[in-house]
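A quick write-up on the structure given underneath.
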Amino acid sequence: MITSNSKDVTRSEVAPNMGNMLDYLDWRGDLTLAQSPFNEVDNVILSQLAYLNLEYVVPPSQSEQSVTIREAAERYFALYRDDQIRQYSYLVRITTPLLRKLAQSDRFAQATLSHFENRVDLDRTSQFAAVHVGLPDGSVYISYRGTDNNMIGWKENFHMGVMTPVPAQFEALRYLEETAGTGEAPLRIGGHSKGGNLAVYAAAMCRDDIKRRIVEIYNNDGPGFDGQWTKSASYLQIRGKIRTIVPRFSIVGMLLEHEEPFAVVKSNKSLFMQHDAFSWEVLGNRFVREPEVAEESRVVDAAMKSWLGQLDRQQRMQFVSALFQIFEAANIWTVEDFTRAKWKKGTEMIRALNQSQANKVVLTKALKLLLQEGKKAYKAAKQSLEEGKLEGGSGNGRAGT
């Protein structure tokens, strides 16, 4: 269960078109951390850095060397031409201008990058990447990458609904314990999407000497965990340090279970595209708040939880296996593989589905159940809204504070 802790500027109090994190750097990039302390927008900015191709730019995880963000930007743009960057995945393309602005800002230009690691393991179905950001205030932000365009990462996301831990969570814990060292530097740990989940898991499960140094843990629209894990002593020990941020229409961030409060922020995009953190509106040093998540988001969340609750572990595993076997048969290895030729790939997926009766049965049964649960959740939400109107209430469910 998650509850809104929204206390800040609301949508009705500001102009209809706010800026985003790039504008924030234009407005406040001249303020050092000594002049304006670390805030939630800084957190999301640094969580995005993990999406960049930082091989040959930032020293690897085994090294104790580092480069400033300004130096990293110089290396990055010397190594990658604009025409090359345009061929990269969406998340890399949209994060590249952010690196340029960070390098030009007084706030972050002298921050250091180190311990970059990027691993994709097909055999273990694992996609993992992370980087350290050493901040001028003496703290370190450990940024975990969310799901990129690799289908291995998406398959691992599906596995999160089946088991804890998944391989990337093991990797996140290993990385934290191997790279955090034995010093006294305060630690902030965070990530966007799956990266937020990895940050929470690693912080909960790490050694006590590291855990004592953790100041904050940021889960930026990342999934939660199964209900049993959120009742564990390890999770409860760090729950008060978790800062969860979700857009009004959140799907990824509402998956599975959360027990920590969360902030709902305004996005300038619609529906699932609100997962893009560059769409989150900023005013001053805060994100613009919404009072609660959208009704549609709660309907999808209720349908997904009910659907998963009716599938046992074996059925969930069979569904994930069947779905990604279809992708592999159609040679879909990245999100771009599908979006660049969706009609052709759609035809290949249908052909692959028809060639495997076992996969067809598993997928048809599971998706039919999901559709049924979606209809039930929609009807329940509609009924609740009508009852709320009759009683003179808003029918909104959770109210923001």
Every residue in region 181-217 that is hydroxyl-bearing (Ser, Thr, Tyr) and crowded, with 19+ Cβ neighbours inside 10 Å, please.
SER193, TYR201
Condition check: exposed (fewer than 14 other Cβ atoms within 10 Å of the Cβ) and within 27 Å of ALA185 (Cα to Cα). Does GLN65 satisfy that?
yes
Pairs, first of a type in the set (Gly, Ala, Ser) in region 237-251, second in a loop (DSSP other than H, G, I, E, B), C-beta under 9 Å, six or more apart:
GLY240/GLU260; SER250/ASP221; SER250/VAL293; SER250/ALA294
Could you tell me whether region 114-122 includes any residue that is crowded, with 16+ Cβ neighbours inside 10 Å and of a type in the set (Val, Ile, Thr)?
no
Does any residue in region 98-110 that is in the same structural domain as TRP27 (by TED's automatic domain parsing) and within 9 Å of ALA73 (Cα to Cα) come within less than 8 Å, Cβ to Cβ, of a residue that is of a type in the set (Ser, Thr, Tyr) and modelled with pLDDT of 95 or more six or more places away or on a different chain, and which pairs are these?
LEU99/TYR76
Could you list all residues from region 105-120 that are part of a loop (DSSP other than H, G, I, E, B) and of a type in the set (S, T, N, Q)?
SER105, GLN110
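The values are calculated or read from the model by the stated rules, or taken from the named source; none is laboratory data. All of these numbers come straight from a predicted model, not from anything done at the bench. Neighbour counts run over all protein chains shown; Cβ positions are idealised from the backbone, glycine included.
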